[in-house]
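Please read the structure below before turning to the comments.
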Amino acid sequence: MPAPVLPPDERPDPDRLLQQVQQEEEQAKHGRLKIFFGASAGVGKTYAMLSAARTTQAQGVPLAVGLVETHGRPETAALLAGLPLLPLKATPHRGHTLREFDLDAALAFGAAHADGPEPPLVLLDELAHSNVPGSRHPKRWQDVEELLASGIDVWSTMNVQHLESLNDIVGGITGIRIRETVPDTLFDAAGEVVMVDLPPDELLARLAAGKVYIPTQARHAAANFFRKGNLIALRELALRRTADRVDVQMQHWRLSTGTGATNRPVWSTRDALLACIGPGSGGEMIVRSAARLAASSNLRWHAVFVDTPSIRHASDRTREQALHALRLAQELGATTATPAGTEVIEVLVRYAREHNLSRLVLGRRPGLRRWRLTFTERLADQTPDMDVLQVPLPKETRGSSYWRQWMAGAASIRWAGYVVATMVCGMMALLATSLHGVLELTNIVMLFLLTVVGIALRYGRGPAVLAAFLGVAISDFLFTPPLLSLQVSDAQYLITFAVMLAVALVIGQLTASLRAQANAAGERERRIHRLYQMSRDLSATLLAGQVAEISANFITAEFAAKSALLVVGDNNQLQALPGADADVDMAVAQWCFSKGEAAGRGTHTLPSCTCLMLPLKAPMRLRGVLAVQPPQTGLLTPEQRQLLDTCASLLAISLERIHYIDVARESTVEIESERLRNSLLSAISHDLRTPLASLVGLADTLNLLSPPLTGPQAEIAGAIHQSALRMSMLVNNLLDMARLESGRIQLRREWQPLEEVVGSALAACDPILSTHPVEVRLAGNLPLLHLDAALFERVLVNLLENATKYTPAGTAIHIGAKVLDDDVHITIDDEGPGLPVGNEESVFGKFERGGRETTLPGVGLGLAICRAIVQAHDGRIRGENRVEQGHVTGARFIIILPRGNPPQDDGSQIHAALPDKDNS
Amino acid sequence: MNEVRILIIEDEADIRRFIRLALASEGYEVFEAATLQRGLIEAGTRRPDILVLDLGMPDGDGVDLIRDLRTWSAMPVIVLSARSHEADKITALDTGADDYLVKPFGAGELLARVRAQLRRQHIRIQPGESPVTFGDISIDLARRSVCRAGEVLHLTPIEYRLLTHLISHPECVLTHRQLLHAVWGPGHMEDTHYVRVHMANLRKKIETDPSRPRHLLTETGIGYRFCGL
């Protein structure tokens, strides 16, 4: 093989190349983000951005300033002058009117400049800004993502403390918590990051000179913030983070150039991180640590929260915290999941193995008690092949200690259970007292054990534990000598009670978890059954209305929520199907539909909306939107959300199926009617034309017979011939019109010079043109036109016929053609009386004859046919009067055809390759 | 007496009748067939000089008959067809038909076409013989030169080949595909604009009024016909 063979480790990996190509394609459609990145406020990011913008504007890039705060700095304001500003949107908020960045204006600006040579650019200060409540996205960076997705380039500014993964660290350094953060994925995905740097001393000098803007309410905090130590640390963080990015770029470059210089295979190890989030606070710290680890080693990562039955019994707050941590993980680029199960370790290990994750990240709190250690240890025991990394969590975090929720799950107290447990124990004591003489102490103990089992079955673990202790206490107090005393005379009884307590606790524990599992299984079974029932119902539907009904019933039964099913109507607008009772904000629904993402309550987009909007994604396309309006406030649980997603996809598939049933039915009808029309047309054309053809021929033949006809006889024969010909033309026109009207005419378009069509039209009109001289003036630079020669000849013939018909004999007809921009204009001028003024358009109507009652033959289909043919060629035709010095000098018909993309090659180069035939 | 024999294959009795009357009035001997099957037998037994064939026959496709016929005969074939059936005409011409007439047509038109086909049979164009002349153009095939009123015309090799191919089939309709095949070879059968562009250039050199040609005639949507020899 002559091709050079690279050593195996230096050969570019085809998968990687493909991935790279796909990324580049994606980026080509996507806008590019450029971030002006600084260590703190006051380093001059906005100034740098605006200076760069002026240079770019001079290069002809269409740009607009979405929102830039000058904070009253004259230098910045001077730079801003002369740059086009987008209008701001006034949003009322708590009695004030806030002027905010208008996303829709920016999108409109982008759309207006989308086709230019340079992609449009929008400048937007402060990437980390939080939008006014009620805006489309809660965060400005989400606005930016939408702009980028629409192919608009964005320049923005941000400080290092706003970077999500550095949030903890910056908080630790400066002692100030920043609430407004930007996910690292956005920062890493940015096309360019420009580091705007200013040494701390100079910054402090600027601060002292009052050149740095600080909001009034933050002056006190700022005093602490702008300390030299802080500034040095922040600068180092910013420089290092930028350096990390450059490093990654370097690796990409090396990989793409395939120099093989990297000894460390960056993507070859497919190991990845799994962040295990527990209930309660602290989850976010685990997530941030995992995100940092993943980013620094360039790993993919997952975050999970294991949903156990005990956690479901626990307070909503702890659970909510875990779900918030999961959402944060998602923003930071993790794949998230909430697998369910009773054994946390088992679920975690199974998840990690299924997804090939080899490093687990857990939280660790100081002051561990013995049993907590065992959790980490047990996990480590089960995963000898995995790394277990521990993240220290602060001790003071309340909301109950970290793993206890998983192990005990007794945080929520159900008083009813305890009351019943106490009462049952009391009744059992009464019963045992009455039977005291009959029963041995061991049997009484048995009765109490029975009680514990019963309580565990009915009320779970906590009441069962109480019952166990009460049972032991009552047995001791009432039935063990000395009676009515907690003292025990015989040491034997101590063993009895110890065993009784142990057995009761174990049985209670087992029974309770069994019951929880049975409940969970029952719940799952019920849900699956519902889904199964719904899908069975859906499979029988034939109308979209039935689907809506089934959907509404299911959601009411399963979530006690109102709902609405919105589908695309005829005018491409979403409309609710009958049976919708939810209060739907159509703007949110439309957003959800056009983006194909969930929106509304519980999502990132327009969370203030009362409904959750789910796109109905079917295999072929989006079918509509499912809006669900839960009755009370609060987020949907992950399993409810999952159930809704499943429900949405079932609905989408059903809607798609119904859509295709309709399409199939319509096309059957269409094919049938088309067949009928064609057979009718061809039957008519055959049956009308054949006798006419005979008539024309026979009348003509009369003249050829011997003996020759006398004068009047020949005249009659000629008249028959003419009438038959005219009749035949009429039939042709009617049939042509019918064919053109049906829209099914197949154009046989070929590239050809206009000259040839004009020539053949003139040849066809030769007999009638004897009375009218024709002047042809075609521009020399006419391109080839993409025409159906036969049909286009009809257009010219009809126009020429009209010109001879409606103008006096001896007047001239002029045919001209020239190129104007991207069109070719063909004109046919006559020197007759012109078109009836004001009716220039109506002459193109069917059965229109220029408004004149004449004896001229024809039914007025000629121009209608012309228009239909020209329109089939994507062209336009119109008529007007030529006016010179206030007098009409004749009519003019103008045909405007698109120039198209004619082939450049005319075959001149090809003949040389052929053998010369002329010598043979 | 060497009488000219013409066979008509046409299913409509009236049209057949008028064609027969018209042709008979010129003194031709006329045979008729109402079906393709009958027509093929007549063509084989009568050995006509010209065949007039309707493409739309009830018992089959006229094109099939032309294909059969061309395996054993070179007799001129004039096909009759309805308007707006360009594709049928092109197929018939590509298969071997020489000319076509669109219904309705007059007796005069038919007779003119028949005469042209008969005349063509007597024209033999061979290099080395006396120059071929039409109008004020004369072509010397041996020296490969084209003159107009005594003045030498400069034709490109493609134009020359196009012109000689056309004049060697006088009065016949040549489709775009046939010309493409003859001049550019079988690899360019779909590039019909090649023919059109060079034909336009050729007309500018040959015709006195290129927009109203007299020798290189356009058969709209189908091809070209050379006449005037």
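On the basis of being surrounded by 15 or more Cβ atoms within 10 Å (Cβ to Cβ), within 25 Å of residue B:95 (Cα to Cα) and away from chain A (no Cβ under 12 Å), does residue B:161 make the cut? No, not satisfied. Among the residues that make up segment A:447-468, is at least one of them closer than 30 Å to residue A:340 by Cα and not in a helix (DSSP H, G or I)? There is at least one residue in segment A:447-468 that is closer than 30 Å to residue A:340 by Cα and not in a helix (DSSP H, G or I).
Beta carbons closer than 7 Å, at least 6 apart along the sequence or on distinct chains, pair a first residue in segment B:3-15 that is within 14 Å of another protein chain (Cβ to nearest Cβ) and assigned to a loop (DSSP other than H, G, I, E, B) with a second that is surrounded by fewer than 23 Cβ atoms within 10 Å (Cβ to Cβ) and at pLDDT below 90 for B:11/B:57; B:11/B:58; B:12/A:690; B:12/A:694.
If you go through segment B:80-106 one residue at a time, how many are within 14 Å of another protein chain (Cβ to nearest Cβ) and either under 26 Å from residue A:739 (Cα atoms) or surrounded by fewer than 19 Cβ atoms within 10 Å (Cβ to Cβ) (or both)?
Qualifying residue count, segment B:80-106: 18.
Can you tell me which residues in segment B:207-222 are in contact with a helix residue (DSSP H, G or I) (Cβ under 6 Å, 6 or more places away or on another chain) and more than 8 Å from chain A (Cβ to nearest Cβ)?
Across segment B:207-222, the qualifying residues are B:216, B:222.
The residues on offer are A:550, A:528, and the sole one that is surrounded by 13 or more Cβ atoms within 10 Å (Cβ to Cβ) and hydrophobic (A, V, I, L, M, F, W, C) is A:550.
Any residue at all in segment B:48-59 that's closer than 28 Å to residue A:682 by Cβ, in contact with a Phe, Trp or Tyr (Cβ under 9 Å, 6 or more places away or on another chain) and within 14 Å of chain A (Cβ to nearest Cβ)? Yes, segment B:48-59 contains at least one residue that is closer than 28 Å to residue A:682 by Cβ, in contact with a Phe, Trp or Tyr (Cβ under 9 Å, 6 or more places away or on another chain) and within 14 Å of chain A (Cβ to nearest Cβ). Scanning segment B:16-36 for residues that are crowded, with 21+ Cβ neighbours inside 10 Å and in a strand (DSSP E or B) returns a single hit, B:33.
Select from segment B:172-206 the residues that are under 23 Å from residue B:151 (Cβ atoms), in contact (Cβ under 8 Å) with a residue 24 or more places away in the chain and more than 8 Å from chain A (Cβ to nearest Cβ) and list them in ascending order.
B:201, B:202, B:205, B:206
Would you confirm, using the coordinates I've provided, whether residue A:449 is under 60 Å from the mean Cα position of the chain (by Cα) and surrounded by 16 or more Cβ atoms within 10 Å (Cβ to Cβ)? Answer is yes for this residue. Within segment A:578-589, the set of residues being in contact (Cβ under 8 Å) with a residue 24 or more places away in the chain and surrounded by fewer than 21 Cβ atoms within 10 Å (Cβ to Cβ) comprises A:578, A:579, A:580, A:581, A:583, A:585.
Screening segment A:225-314 for helices (runs of 4 or more DSSP H) wholly inside it with 3 or more residues that are at pLDDT 80 or above returns the ranges A:228-257, A:283-297. Please find, within segment A:821-839, the residue that is farthest from residue A:860 (Cα to Cα) out of those that are touching a strand residue (DSSP E or B) at 6+ places or on another chain (Cβ under 8 Å) and surrounded by fewer than 19 Cβ atoms within 10 Å (Cβ to Cβ). Restricting to residues being touching a strand residue (DSSP E or B) at 6+ places or on another chain (Cβ under 8 Å) and surrounded by fewer than 19 Cβ atoms within 10 Å (Cβ to Cβ), the top hit is A:822. Kindly indicate the residue of segment A:224-245 that is in contact with a helix residue (DSSP H, G or I) (Cβ under 8 Å, 6 or more places away or on another chain) and surrounded by fewer than 13 Cβ atoms within 10 Å (Cβ to Cβ) and also farthest from residue A:168 (Cα to Cα) among those meeting that condition. Ranking the candidates gives A:228 first.
Given the criteria of a type in the set (Gly, Ala, Ser) and either assigned to a helix (DSSP H, G or I) or within 11 Å of another protein chain (Cβ to nearest Cβ) (or both), does residue A:816 qualify? When the stated conditions are applied, residue A:816 does not pass them. Within segment B:141-157, residues that are within 14 Å of chain A (Cβ to nearest Cβ) sit with their Cβ atoms under 6 Å from residues that are surrounded by 11 or more Cβ atoms within 10 Å (Cβ to Cβ) and assigned to a strand (DSSP E or B), at 6+ positions apart or across chains, in these pairs: B:146/B:139; B:146/B:153; B:155/B:146. Report yes if residue A:793 is modelled with pLDDT of 90 or more, within 18 Å of residue A:890 (Cα to Cα) and not β-branched (Val, Ile, Thr), otherwise no. Here the answer is no, as residue A:793 does not meet what is asked.
Residues are listed down the side, and each one gets a yes or a no for (1) crowded, with 19+ Cβ neighbours inside 10 Å; (2) farther than 19 Å from residue A:831 by Cβ; (3) in contact with a strand residue (DSSP E or B) (Cβ under 8 Å, 6 or more places away or on another chain); (4) among the aliphatic types (A, V, I, L, M):
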| position | (1), (2), (3), (4) |
| --- | --- |
| A:755 | yes, yes, yes, no |
| A:762 | yes, no, yes, yes |
| A:765 | yes, no, no, no |
| A:771 | no, no, no, no |
| A:777 | no, no, yes, no |
| A:784 | yes, yes, yes, yes |
| A:788 | yes, yes, yes, no |
| A:795 | yes, yes, yes, yes |
| A:799 | yes, no, yes, yes |
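Any residue at all in segment A:101-124 that is on the phi > 0 side of the Ramachandran plot and over 21 Å from the mean Cα position of the chain (by Cα)?
Going through segment A:101-124, the residues on the phi > 0 side of the Ramachandran plot turn out to be none.
For segment A:101-124, residues on the phi > 0 side of the Ramachandran plot and over 21 Å from the mean Cα position of the chain (by Cα): absent.
Is it the case, given these coordinates, that residue B:137 is more than 8 Å from every other protein chain (Cβ to nearest Cβ) and out of contact with any Asp or Glu (no Cβ under 9 Å at 6 or more places or on another chain)? The answer is yes for residue B:137. Within 12 Å of chain B (Cβ to nearest Cβ), free of Cβ contacts under 8 Å to residues at least 40 places away in the same chain and either touching a Gly at 6+ places or on another chain (Cβ under 8 Å) or part of a helix (DSSP H, G or I) (or both): does that describe residue A:683? Spelling it out, it is not the case that residue A:683 is within 12 Å of chain B (Cβ to nearest Cβ), free of Cβ contacts under 8 Å to residues at least 40 places away in the same chain and either touching a Gly at 6+ places or on another chain (Cβ under 8 Å) or part of a helix (DSSP H, G or I) (or both).
Applying the selection to segment A:162-176, what residues are in a helix (DSSP H, G or I) and over 23 Å from residue A:52 (Cβ atoms)? Hits for segment A:162-176 are A:164, A:165, A:166, A:167, A:168, A:169, A:170, A:171, A:172, A:173, A:174.
For residue B:227, the test of being of a type in the set (A, V, I, L, M, F, W, C), over 26 Å from residue A:790 (Cβ atoms) and surrounded by fewer than 21 Cβ atoms within 10 Å (Cβ to Cβ) is failed. On the stretch given as segment B:31-89, residues that are of a type in the set (Lys, Arg) and on the phi > 0 side of the Ramachandran plot total 1.
Restricting attention to segment A:738-760, the residues that are touching a Ser or Thr at 6+ places or on another chain (Cβ under 8 Å) and aliphatic (A, V, I, L, M) add up to 2. Put simply, of A:111, A:128, A:106, A:64 the only residue that is in contact (Cβ under 8 Å) with a residue 12 or more places away in the chain, within 30 Å of residue A:236 (Cα to Cα) and surrounded by 13 or more Cβ atoms within 10 Å (Cβ to Cβ) is A:128.
Looking only at residues of segment B:122-134 that are out of contact with any helix residue (DSSP H, G or I) (no Cβ under 7 Å at 6 or more places or on another chain) and at pLDDT 75 or above, we find that the one that is surrounded by the most Cβ atoms within 10 Å (Cβ to Cβ) is B:134.
The values are calculated or read from the model by the stated rules, or taken from the named source; none is laboratory data. Given the structure is predicted, the values throughout are model-derived calculations rather than measurements. Backbone-built Cβ (ideal geometry, glycine too); neighbour counts: all protein chains shown.
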